[in-house]
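> After the structure tokens below, expect a handful of questions from me.
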């Protein structure tokens, strides 16, 4: 089938980015939020991102206006009824997602594809909660969506013929580079990334190196754009902690178990940039490493 109109469930950080990219590449796009306040905040985020692109000379003013003209915000599920694909990007919680799918089910046309942007939950578990598991697939974008090229496309054993190819083609039409992966918790990127990040915390706990030295070691020794602890602060320590717990529950392997320091940081509200403190203190520029975290 040909995808002509796109729906997005959720206008938070990821949902807004997905909706922006779809509208920028020419798709009429409807983005849904649970209330008007959250919707306006998400649409404002898109407008500000595009305005920043105009200011930097990366987006033409007329392209900004064209993108916004293709974008519709709503709080009514019925507005998604004629979409060819709806991409779910609500909070990373199975109950919240299945509730959203249940409300979506009564409005969608039979041929529509439903895709989840989950980074860690089982695509199959979500698919079987719907009446269209054969038209359900994982479509995992990376943050920030307008800048990151990669998309993980995750089919299940129930995904129908042609659905994966349609979604792969759709991802390419957005200017993304899709990679295929089966429905395994963490898919490809988080399956490799999460143990690496958790090992960086363990290295800090064990006194292998300081926060700065661990980050510098991986930046300068392995050519990474940022160190693992800086990356954790950017992604959100609470978010990574949640993902790691899901992966540990699935595999029961020690490499996926969150270290004790991580748990205590989350309990104390040290969640990274979004709370102003994580492995680094963001109250000053440049951020200062919170070296007391490793004190014995």
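Derivation of every value follows stated rules applied to the coordinates shown; laboratory data play no part. In this text, all values refer to a predicted model and were calculated from it rather than measured experimentally. With ideal geometry, Cβ positions are generated from the backbone for all residues, glycine too; neighbour counts draw on all protein chains shown.
> Consider a paramagnetic label point 7 Å from the Cα of residue 177 along Cα→Cβ; state which residues of segment 132-158 have an amide N under 12 Å from it.
148-151
> What is the helix-to-structure angle for 163-173, meaning the angle in degrees between its Cα long axis and the longest Cα principal axis of the chain, kept from 0 to 90 and rounded to the nearest 10?
Once rounded, the angle reads 80 degrees.
> Using only the Cα atoms, work out Rg/Rh for segment 190-291, with Rh taken as the Kirkwood radius, to two decimals.
Dividing the radius of gyration by the Kirkwood radius yields 0.95.
> Then there's this: Ratio to report: Rg/Rh of segment 6-182, with Cα atoms as the point set and Rh obtained by the Kirkwood method; give two decimals.
Answer for segment 6-182: 0.95.
> How big, on average over all directions, is the shadow cast by the Cα convex hull of the chain, in nm²?
Reported value for the Cα convex hull: 16.0 nm².
> Next question. What is the angle, in °, between the Cα long axis of helix 13-24 and the longest principal axis of the Cα atoms in the chain? Nearest 10 is fine, range 0 to 90.
40
> For the peptides 111-122, 163-174, what is the packing order when you average, over each peptide's residues, the other Cβ atoms within 10 Å and list the highest mean first?
111-122, 163-174
> With label points built 7 Å along Cα→Cβ from the Cα atoms of residue 268 and residue 184, find their separation and express it in nm.
Taking the simple label geometry, residue 268 and residue 184 are separated by 3.6 nm.
> A follow-up question, please. Under 10 Å, Cα contacts only: if you run a Gaussian network model on the chain, which one of 161, 228, 259 comes out with the highest mean-square fluctuation?
161
> Something else about it: Pairing the Cα long axis of helix 237-251 with the longest principal axis of the chain, what angle in degrees results, from 0 to 90 and rounded to the nearest 10?
That works out to roughly 80 degrees.
> Now for a separate question. At 7 Å along Cα-to-Cβ for each site, give me the label-to-label distance between residue 109 and residue 208 in nm.
Each label point lies 7 Å from its Cα, and together they span 5.4 nm.
> Stretched out fully, how many nm does the piece from residue 47 to residue 224 gain, at 0.36 nm a residue minus the Cα gap?
Taking 0.36 nm per residue and subtracting the Cα distance, the gain is 60.6 nm.
> Please give, to one decimal in nm, the separation of the simple spin-label points placed at residue 125 and residue 245, each 7 Å out from Cα toward the Cβ.
Each label point is offset 7 Å from its Cα along the Cβ direction, giving 1.3 nm.
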